[in-house]
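Asks: If you scroll down you'll find the structure; I have some questions about it.
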Amino acid sequence: LAREGARGTLCARDAAALAAAREALAAETGAEVLAVPADLTQAADIERVVAETVARFGGLHIVVTNAGGPPAGYFLEFDDAAWQAAVNLTLLSAVRLIRAAVPHMRQARWGRIINITSLSVKEPLDNLVLSNSVRAAVHGLAKTLATQLAPEGITVNNVMPGYTQTDRINQLAAANAAKSGQTVEAVLAEMGKPIPMGRVGQPEEFAALVAFLASERASYITGVSVPVDGGRIRAAF
């Protein structure tokens, strides 16, 4: 988004990592970037992120909702508290962020809402019962909002990443390599084998779709869920 000329806000809980990301992004792209430490499980933090963004930039046109996923595990391993925490992290963070942003988009008669979810919404993974369930609720929310907000020039879409070589995937690959005696490269290659393209994706490949959906060129696309997974999802629709 910064490379395309957008000014924007980053938020995350780790203030030091957030500041480093802001500096790197601004240095690479020359974009104006605001960093706001925030916990997206906290409603007040979300309100503050939106308020500081509008105060800094004079408006808000694009929102990308993205929070860490709930823990892996099987159905009988989770009590009500775990389910509520998953709802708060994955669903309510999106609900609250969108609710805070939409009035500003309505004022502009233009907006883009893009939810980052997971391929597990369309092809559930056996040990991700919390994510499979709660991320599907985000898709239901998006489809409903797409209908309600379309007359006001606001689109709502979901992007479903598959295995993508983020820092988190690199950490997991390093941990698995240490246990198995393999190289990190070998572990990443193993991750890529079930994928028709034969490799894990790169963050830039995923980000390119998000940037497109946020653009003027995607003005007639709303209410859709697009995988970026190298063909891993085998479903026809």
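Asks: Quick one: is T147 within 19 Å of I233 (Cβ to Cβ) and either open to solvent by less than 20 Å² (accessible area, probe 1.4 Å) or modelled with pLDDT of 95 or more (or both)?
Replies: No; evaluated as a whole, the condition is false for this residue.
Asks: Continuing with this model, one more query. If the Cβ limit is 9 Å and pairs must be 6+ apart or interchain, which residue in region 19-41 that is within 26 Å of G69 (Cα to Cα) pairs with which residue that is open to solvent by less than 30 Å² (accessible area, probe 1.4 Å) and of a type in the set (S, T, N, Q)?
Replies: Qualifying pairs under 9 Å: L34/T53; V36/T53; L40/T65; L40/S93; T41/S93.
Asks: May I ask you to list the residues in region 83-102 that are open to solvent by less than 70 Å² (accessible area, probe 1.4 Å) and either of a type outside the set (A, V, I, L, M) or in contact with a strand residue (DSSP E or B) (Cβ under 8 Å, 6 or more places away or on another chain) (or both)? Steps first, please.
Replies: Step one: of region 83-102, the residues open to solvent by less than 70 Å² (accessible area, probe 1.4 Å) are 83, 85-98, 100-102.
Correct list: W83, N88, T90, S93, A94, R96, L97, I98, A101, V102.
The values are calculated or read from the model by the stated rules, or taken from the named source; none is laboratory data. Predicted model only: the values in this text are computed from it and were never measured. Cβ: placed from backbone, ideal geometry, glycine included. Neighbour counts: every protein chain shown. Keep in mind that these areas ignore ligands, DNA and RNA; they rest on the heavy atoms of the full protein, side chains included. Shrake-Rupley method; radii C 1.70, N 1.55, O 1.52, S 1.80 Å.
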